[in-house]
Structures are given as structure tokens and as C-alpha cells.
Amino acid sequence: MTQGGMDNVHFPHRHLLGIEGLSPEEISILLDRSESYVEQNRRADKTTRILHGRTVINLFFEESTRTRTSFELAAKRLGSDLINMAVATSSVKKGETLIDTAMTLNAMHPDVLVVRHPDSGAVQLLSEKVNCAVINGGDGSHEHPTQALLDALTIRRRLGRLSGLLVAICGDILHSRVARSNIHLLNTMGARVRLIAPKTLIPFEVERMGVEVFHDMAAGIKDCDIVMMLRLQQERMTGNFLPSIREYFHFFGLDYAKLANAKPDALIMHPGPMNRGVEIDTEVADDVGRSVIREQVEMGVAVRMAVLELLTDNLDRGRMPAPKAAAPAKNKPKKKRSRR
Amino acid sequence: MSPRKEKSAGRTAYVNARLLDPASRLDAMGGVLIDGEAIADFGPHLAKERVAKKRGRGLPKDSRVVDCRGKCLAPGLVDMRMEIGDLGAAVRAAVSGGVTSMVCLPNTQPVIDDMSVVEFVARRARKQGLAKVYPYGAVTKGLKGQELAELGLLAEAGAVAFTDGTRAVADAQVMWRALSYASTFGLMIVQHPEEPSLAHQGAMNAGETATRLALVGIPTEAEVIMIERDLRLAALTGGRLHIAHLSTAAGIEAMRQAKKRGLNVSCDTAPPYFALNENAVGDYRTFAKLSPPLRAEDDRKAVVEGLRDGTIDAIASDHTPRDEESKRLPFAQAAPGGIGLNTLLAVSLELYHNGHLGLLDVLRLVTSAPAGLLGLRAGRLEKGAPADLVLFDPDAAWKVDADRLIGKAKNSPFDGRPVQGRVLMTVVDGRPVYRPQA
């Protein structure tokens, strides 16, 4: 069944640029599909041929180890060819514009581009210029959709649901694409989101995205099911967002004293890489009973396999995203999967 | 433990006093009963030396009694802005002026931008056993106006609010982030309202006097521009902003309008700005070189009006001790600042004697109002609170003689001024710590 095509469970988008705008059903399709890959990835033989013959290009304009590796593994386990294009070796350094790069790559007929870029909106701009599917691997502080999906998958597998949960996202919200994607996803799926950070790291009018804002860790964490810590980027120290690491950890670092305010079985999440002793105490991070940080990494590969599969599946439908009216649910039952 | 402390044991009753408590608007003949270091009871029922019968209201049998002879007994003064200089000299000057609590600027050596310094200052002040010293923390590291200091940790260590002292936080982005970050913890930022690029090399208020003396002037706009900028940043961030030592009509009007709009802001002034004007500079008198500078007469009147209508929330001494070497210089080179602890009460009482404010109103501006702004448990009569009191005669006349003022520095801008209002006794934690020499 894990090798099944998605003829009847259709994800009606050509690209995955962000979580914003996805329906609960669409998110569920992605999560359900990811679920099957979790099992596949735990087997000795992890590789299938679903994407055999396809070309996936990892186009990273920003440093990344985890996300790039995760996409690389996902693509290879589905049997596709994969090329990593790192910024340092690309012609971007020679002055080529983002759009020129996109056009050049497009001419090589890739099937999927996985793009990370330091500027918000850059991935969308690129997606408008190519014929293949584009997956946003993180654009500036804007979105990181596969991270939110893997977080959701981790939560769903642990707690059986997303709806009705109380989730605290703590740390540098202002600069975090992980936070933005998670806010969209959790809200869409019916969870309640709290943001906890010093005021300098909370974006303006973020309440209008449907979240509650706290500046006190103990109060914000109270009764939460999930405590999601964000990485604090050291370069934030220079822009007067914060006075010092010492002060940040004292007030906003997750330790057992602060965690005691959450539900007794609250899960701890972190998108990685962690700064131990900055946003999270080492003991808490390594608490096997509560920290699901390793599990998040595992879910990452499964989620990316599902996204790659569902988007390439759409390519077969004529290189066009199916218009909503033409969604194929009419005469085919949604839940059943058929073999290709 | 200080030797003075031993005297505080037991009960002491101050009776036959005109009891003044600005916070509760109490003005009546009465008394205060002190048990150890705290106020045990106070009120009109203690006016006379009358020992309590069984369960009656009066003095316990073992009380020592001090007859106040009808003079004014009020909460000790709270000075929300002073530079510490020599700590021993500062606390002696303070109690001679009836000041029992004061908040020192962070421009100490070393700067109060680290938790250890907060604790050090508080501990050294406690050892003196005189006026209590609460520190401001620095807004920026080293008062350099660039990187935020550890406001949260400093507050936990005891910093009551944050300021860069005699320097404005000049960079708008730094001030924006400072207000925003401080509001995370509900902390107050106190700004020295002067746009430094407009005050550059300025020695006194810009105007005719400066022109005649050929001194570089600081326009009043330097104040109002900074205030209006910061009011907008306070509105943007929801941060708690306090503007220190207002000196100009325009600045006061900006604060008045901001308060009308409902912005949560406050401000203070200092005695020189309602008691003196730029004419005090006279013939290059460096004791009258202050920062902000003494302004024109219209500005002085506006300060009085600001105090009268409640726009200005408090009066601070702005005590800035300077040694002779830094004042005995050509005016442009002399250091700005004047001492103010000794004369805070007497000069503030001019507002009462001149009919601008009632006696309780004047006292409120130097007791419960500043204490309230900074969240200090001081400046009001309250059972169980530390017995910090001042006994004074509001009418006794004397002449300020800088050389005879208690303390070390002599740079009073009020030197030679006849004033009314004399401190007769200052009590800290139940101990009389100051009485004027006959």
C-alpha cells in the first residue's frame, strides 16, 4: 500500500509554498500520506521506485544541513535522481539573478525544486517562473511548510489529534518561519496557539493571526499540551532585541522549573539545531519521556517523501494544478487508495 | 550592624505634631507611634501624650515621648533622581534635607549595568544607616547608548527603573527596543530629554543671555524633539516612559497632550527649573550651569503651571555633586550640575509660600508621588511601614550658604538664596538620624 499512487486522494496544488491557505482536508491528506512512510523508513529496505526517473533539485541559497539532508533522503528513498545545488558553487555568486537561476534550472527539466532562500517571498517568486513543482524549504522568516507538517505529524502520532490542543511556541517568533508555518497549521487544524517571547521578538499585531501573546514563560506555558521551543539565533544579540544570552535563558529558557507549569505530560519540541543553555536546558532537551525532538527529525523524512510524492503525482495530471472545480473526488471514493 | 541601630529598640511616640500625609490628604494635629523600625500607629488620637487605658487608643506605657511642639511631621522625602558621587556625603546631605529614600543614577563607578553593582550600591548604602538608596539600572551597557543592558536581571537584583542618567538614549532604534523590551517585564525607562546633536557643545539656554555672554546655546527644541519622539515610541511599544527634569514650556505641553490622549507616561522636574531662570547664570556663574540648562522666565512659569495642573508628576532633587576643580573653569568648560538634596524641601516649599500649591500638594510631589512612580514602599504614613519621617518647620527662614551645607560638594545653584522651611529632625527606620546643630 505504501507504494500506492494518489490517484484518488488528490492534493490540489502544484507547489507547496506555505501552510497558509491550505484547508484542514489538504493538511490531513499530507499527514495521512506521511504516516505510511514512517513505517517504510523503519524497514531495512527503505527504497521504492515511485519517483523513478524523476529529477529533484535541492536549491539552497542559505546554509542548511538538516532540511537539505532530509529532502535528499526523502527523494532517494522514493527512487528519484537528486542534485544538491549549494549557493557557494552556483552562478548566483557571479551575479545571476534569482529569476535567471530559475530559468536556467527550468531548462534542464527538473520535476521538483526544493528551494531555501534567505528572503521572504523569494520561493514564490521563483515558483512563478518554472514548469516544475516547487517545495518551499524555508523562505526568510516567512514559511517553512514541511517543518510545520513534521511537527504536526509528531504531535498527531503522540497525542492522536491536533484539534483542541494548547500549544505554546516560545522564543524568537519575529524571525521564525517555523513559528509562522506552525501558527497557520495549528490554527487551521483547530489547536490553540500561544506565543511566548520578550516583546522585542514578537511581531506587530501577531494577535490577528489568531494567537495569544505572553511575555511570561510560566503564565504562557500553563496548561499547555505542547511546548515548542524555537532556536535563538545569536546574531539577534546585536540588533538590541535582547541584552544577553544569560538574561534570555533566565527568563525564557526552558528548564524544569518553567516546564512545571505545563500539563504533566506535555511534549517538548524543537525544530533544531538546539542551543543548549540558551533556549533549552540540556536535561529537558534530553528527557526521553517528554522531548520528541529526535522524533521530529524522523518524521521530517516521511513528510518530505509524502510531499514529493503528492506533488509529482500532480505532474502526471498534465503539468497543471487541478482547478478546484475539477477535483477528482466526483466519481472516486476519497479514502480508498489504489495501486498504480 | 550600625551603632545607631541600637537606639531604635523600644517604642517612641512623636506627639503634638501637625501630621501631614499627602497620600491620604491627612493634615491634622496628631502623633506617630514607632515600634522598633516601623510605624505602629499614627493619627489625631495620638496628638497628646496620653497613655492608653486598658483597650483604649493611646500610647503604650513604655513609650518614649518626643514633643514636636506643633511642627509638621510628614513622611520622609523620596528623591527620585540624584547622582551619588561620594556615598557617605550623599546620604548625610540627604537626611539633612529630610530625604529618607532616594534613587541614584547608574552613572556610578562602575556603571550600574550589572547585577553585582546593583547589590554593591544597595549594600554600601545600608551600611551607612542613613537615607536609603535605590539604584536605577542602565538602559544600555556602559551608558553608551548602543546595546541593551540586562534589564530583567537588573530589575530582579533591585534596580527600580532604567535610565542612562545624564545621557539621553539618543538612537531611536535603541530607544524603541529598550521601551519594547522593558515592557516585557513591566519596567520603566527614564529619559534625559535632550537631543544630543542639538545640545552639542551648548553651555546654557539659547537666547538673549547666551548671545550677550557669547556662550553656545541649547535651544528648547532639543528637549521637545526628544520628548515627542519618545512619546511616539512609547505609544508604539506600550512601554512605560518617564521623562526626567522637564525644563521647557514646549516639553511640558507635549507631556500634557500625551496624558490627555491617555498615554501611560509620567515626568518630573527639579527645583532649579521652577525656582530659577537663565538669569542666574549672570556673570558666568558656573554653579548655575545645569543640564538641562536653566531656561527663560516663560519656561520657568510653565514648569510652575505644569506642577500646578498635575502635568508634572514629581519633583526630584537632581543632586549632582561636582568638585571645585570641575566648576572653577571657564563657563563653557565647567561641568554641569548642582547639588539639591539639602535644599529640596526648602526650595520646593516656595511653591507653597508663593501660593501656587497647597502644603500637602508640595509634599506629595516629593514623597508619595515619586514613590508611587517607582513602586517604593515609602513616602506615606502607613502602619507597619518603615518609620521614615521628617519633622520640619515650613515657615522658618534661613539663607542657603553653600559652604555650610552638609555633604562634600558645595555647588548649589541656590547659594545665597533666602528660603523658608527648615528640617528639624529626620527619622530613618525609627532612628533620629539628623537634627540641625543649634
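Points to keep in mind about this one:
For every residue, the table says whether it meets (1) at pLDDT 95 or above; (2) not polar (S, T, N, Q).
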position	(1), (2)
A:D225	yes, yes
A:Q234	no, no
A:I245	no, yes
A:M299	yes, yes
A:V307	yes, yes
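- When the range B:224-245 is filtered for residues that are farther than 16 Å from B:T311 by Cα and assigned to a helix (DSSP H, G or I), the ones remaining, listed by number, are B:I225, B:M226, B:R229, B:D230, B:R232, B:L233, B:A234, B:A235, B:L236, B:T237.
- Of all residues in the range B:10-55, those satisfying the criterion of being open to solvent by 30 Å² or more (accessible area, probe 1.4 Å), touching a residue at least 24 places away in the same chain (Cβ under 8 Å) and farther than 21 Å from B:A378 by Cβ are B:G10, B:R11, B:N16, B:M29, B:P44, B:K48, B:E49.
- Evaluation of A:R161 against (1) open to solvent by less than 20 Å² (accessible area, probe 1.4 Å); (2) assigned to a loop (DSSP other than H, G, I, E, B) (one fails), failing number: (1)
- Of the residues making up the range B:165-178, none is part of a strand (DSSP E or B) and within 14 Å of chain A (Cβ to nearest Cβ).
- Conditions (1) in contact with a helix residue (DSSP H, G or I) (Cβ under 8 Å, 6 or more places away or on another chain); (2) over 30 Å from B:Q173 (Cβ atoms); (3) part of a helix (DSSP H, G or I); number of the one not met by A:A257: (1)
- Counted residues, the range B:252-264 - those being more than 11 Å from B:I227 (Cα to Cα) and not polar (S, T, N, Q): 6
- Residue in the range B:387-408 that is closer than 30 Å to B:R240 by Cβ, in contact with a strand residue (DSSP E or B) (Cβ under 9 Å, 6 or more places away or on another chain) and either open to solvent by 20 Å² or more (accessible area, probe 1.4 Å) or part of a loop (DSSP other than H, G, I, E, B) (or both) present: yes
- Meets criteria (more than 23 Å from B:E278 (Cα to Cα) and either touching a helix residue (DSSP H, G or I) at 6+ places or on another chain (Cβ under 7 Å) or away from chain A (no Cβ under 13 Å) (or both)) for B:M204: no
- Scope the range B:93-123; condition among the β-branched types (V, I, T), assigned to a helix (DSSP H, G or I) and surrounded by fewer than 24 Cβ atoms within 10 Å (Cβ to Cβ); matching residues: B:V117, B:V121
- Filtered residue count, the range B:113-142, keeping only those that are away from chain A (no Cβ under 14 Å) and on the phi < 0 side of the Ramachandran plot: 18
- Subset tally (residues that are more than 15 Å from B:T320 (Cβ to Cβ) and open to solvent by 40 Å² or more (accessible area, probe 1.4 Å)) for the range B:410-428: 5
- Boolean, B:R364 is open to solvent by 20 Å² or more (accessible area, probe 1.4 Å), in a helix (DSSP H, G or I) and of a type outside the set (F, W, Y): yes
- Lone qualifier among A:S64, A:S80, A:S120, A:S70 - being hydroxyl-bearing (S, T, Y) and buried (at least 23 other Cβ atoms within 10 Å of the Cβ): A:S70
- Residue match in the range B:32-47 (condition: under 15 Å from the mean Cα position of the chain (by Cα) and of a type in the set (A, V, I, L, M)): no
- The single residue among B:L198, B:L179, B:L154 that is touching a helix residue (DSSP H, G or I) at 6+ places or on another chain (Cβ under 7 Å) and under 30 Å from B:G88 (Cβ atoms) turns out to be B:L154.
- Qualifying positions in the range B:180-198 - assigned to a helix (DSSP H, G or I) and either facing another protein chain (nearest Cβ under 9 Å) or modelled with pLDDT under 95 (or both): B:S180, B:Y181, B:A182, B:S183, B:T184
- Looking only at the range A:209-260, residues that are more than 14 Å from chain B (Cβ to nearest Cβ) and among the aliphatic types (A, V, I, L, M) come to 13 in all.
- Taken over the range A:276-289, the criterion of being in contact with a helix residue (DSSP H, G or I) (Cβ under 8 Å, 6 or more places away or on another chain) and surrounded by 17 or more Cβ atoms within 10 Å (Cβ to Cβ) is satisfied by A:V278, A:E279, A:D281, A:V284, A:A285.
- Qualifying residue in the range A:257-273 (condition: at pLDDT 95 or above, open to solvent by 40 Å² or more (accessible area, probe 1.4 Å), acidic (D, E) and under 23 Å from A:L149 (Cα atoms)): no
- Here the condition is being closer than 30 Å to A:L201 by Cα and touching a helix residue (DSSP H, G or I) at 6+ places or on another chain (Cβ under 8 Å); of A:G121, A:G137, it holds for A:G137 alone.
- Any chance B:G145 is within 14 Å of chain A (Cβ to nearest Cβ) and either crowded, with 24+ Cβ neighbours inside 10 Å or out of contact with any His (no Cβ under 7 Å at 6 or more places or on another chain) (or both): yes
- Members of the range B:131-141 that are under 16 Å from the mean Cα position of the chain (by Cα) and part of a loop (DSSP other than H, G, I, E, B): B:A131, B:Y136
- Checked against the criterion of being charged (D, E, K, R), at pLDDT 95 or above and in the same structural domain as B:F287 (by TED's automatic domain parsing), the range B:390-407 contains not a single residue that satisfies it.
Every residue, every condition in (1) surrounded by fewer than 24 Cβ atoms within 10 Å (Cβ to Cβ); (2) modelled with pLDDT under 95; (3) assigned to a strand (DSSP E or B), yes or no:
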{"residue": "B:Q257", "(1), (2), (3)": "yes, no, no"}
{"residue": "B:C267", "(1), (2), (3)": "no, no, yes"}
{"residue": "B:F274", "(1), (2), (3)": "no, no, no"}
{"residue": "B:P292", "(1), (2), (3)": "no, no, no"}
{"residue": "B:D298", "(1), (2), (3)": "yes, no, no"}
{"residue": "B:V303", "(1), (2), (3)": "no, no, no"}
{"residue": "B:I312", "(1), (2), (3)": "no, no, no"}
{"residue": "B:P330", "(1), (2), (3)": "yes, no, no"}
{"residue": "B:A334", "(1), (2), (3)": "yes, no, no"}
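- Yes/no for A:E26 being acidic (D, E) and either touching a strand residue (DSSP E or B) at 6+ places or on another chain (Cβ under 7 Å) or assigned to a loop (DSSP other than H, G, I, E, B) (or both): no
- The range B:196-252, residues that are among the hydroxyl-bearing types (S, T, Y) and either closer than 28 Å to B:G186 by Cα or crowded, with 21+ Cβ neighbours inside 10 Å (or both): B:T220, B:T237, B:S247, B:T248
- Tally of residues being closer than 23 Å to B:P370 by Cα and either out of contact with any Gly (no Cβ under 7 Å at 6 or more places or on another chain) or modelled with pLDDT under 95 (or both) across the range B:100-116: 4
The values are calculated or read from the model by the stated rules, or taken from the named source; none is laboratory data. A quick note: this is a predicted structure, and the numbers were derived from the prediction, not measured. Note that we place each Cβ from the backbone using ideal geometry, even for glycine, and neighbour counts take in every protein chain shown. The accessibility values were calculated without ligands, DNA or RNA, using every heavy atom of the protein model including side chains. Shrake-Rupley method; radii C 1.70, N 1.55, O 1.52, S 1.80 Å.
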